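Working notes, beginning with the structure itself.
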Amino acid sequence: MRCPACKAFNDDKVIDSRMTDGGSAVRRRRVCQACGRRFTTKERIEAELRLTVIKRDGNKAPYRRDKIVRGVLHACYKLDVTEQQIEELADRVEGEIFRDHERSIQSEQVGQYVSAQLRALNPIAYVRFMSVFRKFKEVAEFVEELEDVVVRVENETPDQQSLFEA
Ligand SMILES: [Zn+2]
C-alpha cells in the first residue's frame, strides 16, 4: 500500500480488519509507519470476479460495482446526495446481491435492488432512475441513457458547475 499522505510504499501496518458488504469485502484500517497517517482500504476481490450478470437478451457480463455507482450518481445529479451516501447505497445493494446470488444474477434484479434503495434515499433520484430503468431494463443501457440526461441538464444550465465532474 502507498500512504496517501507521504507516499511511502509498503510501510504501513494493519491495525484493524473487518468483513463488510455482507462478507464480500474486507475493510482494513492501516497506519503509515513513516508519517503516522491512518487510512482505510477496502479489498473486494472474489465476488466481482465470480458473479455474472445475465441480461434480458441472455448475454452475460461480469458483475461490476462501478456500474451501479455510476447509475446512481447520475440519477442523483444536482440533488442533495453525497458521494458517501451513494457508496453506502452501493454497499447495501451489494450486501443483498451477494447474500442472495452466488454465481449469477439477472440484470433486472440488480436494478430492483438499486431502485428500492434509491427510493429510500431520494424520491427524485428514484423517479429518474425508474423512468429509465422501466424503459431499458439494462444496467449498461440505463447508465448510458442517464449520461444523456446529464448532458441535457448541463446544456440547459450551463453556468452551474457539475457536482460529479471527474
Ligand atoms: Zn505516510
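The values are calculated or read from the model by the stated rules, or taken from the named source; none is laboratory data. Owing to the predicted nature of the structure, the values given are computational and were not obtained by experimental measurement. Cβ coordinates were reconstructed from backbone atoms using ideal geometry, including for glycine residues, and neighbour counts include every protein chain displayed. Ligands, DNA and RNA are excluded from the accessible area calculation, which covers all protein heavy atoms including side chains. Shrake-Rupley method; radii C 1.70, N 1.55, O 1.52, S 1.80 Å.
For (1) within 29 Å of A125 (Cα to Cα); (2) not charged (D, E, K, R); (3) not in a loop (DSSP other than H, G, I, E, B); (4) not assigned by TED's automatic domain parsing to the domain that holds R128, each residue gets a yes or a no:
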| residue | (1), (2), (3), (4) |
| --- | --- |
| M19 | no, yes, yes, yes |
| A61 | yes, yes, yes, no |
| Y77 | yes, yes, no, no |
| E96 | yes, no, yes, no |
| Q109 | yes, yes, yes, no |
| V114 | yes, yes, yes, no |
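Only one of the listed residues (T40, T52) is among the β-branched types (V, I, T), over 20 Å from H101 (Cβ atoms) and either in contact with a Phe, Trp or Tyr (Cβ under 9 Å, 6 or more places away or on another chain) or at pLDDT 85 or above (or both). That residue is T40. Evaluating G95 against the criteria (1) closer than 30 Å to F133 by Cβ; (2) open to solvent by 70 Å² or more (accessible area, probe 1.4 Å) leaves one unmet condition, (2). Of all residues in segment 74-90, those satisfying the criterion of being open to solvent by less than 30 Å² (accessible area, probe 1.4 Å) and under 10 Å from the mean Cα position of the chain (by Cα) are I86, L89, A90.
Checking segment 31-51 against the condition returns no match, with no residue being loosely packed, with under 15 Cβ neighbours inside 10 Å, under 27 Å from P123 (Cβ atoms) and not polar (S, T, N, Q).
Looking at A25, is it within 17 Å of V93 (Cβ to Cβ), at pLDDT below 90 and in contact with a helix residue (DSSP H, G or I) (Cβ under 7 Å, 6 or more places away or on another chain)? It is false that A25 is within 17 Å of V93 (Cβ to Cβ), at pLDDT below 90 and in contact with a helix residue (DSSP H, G or I) (Cβ under 7 Å, 6 or more places away or on another chain).
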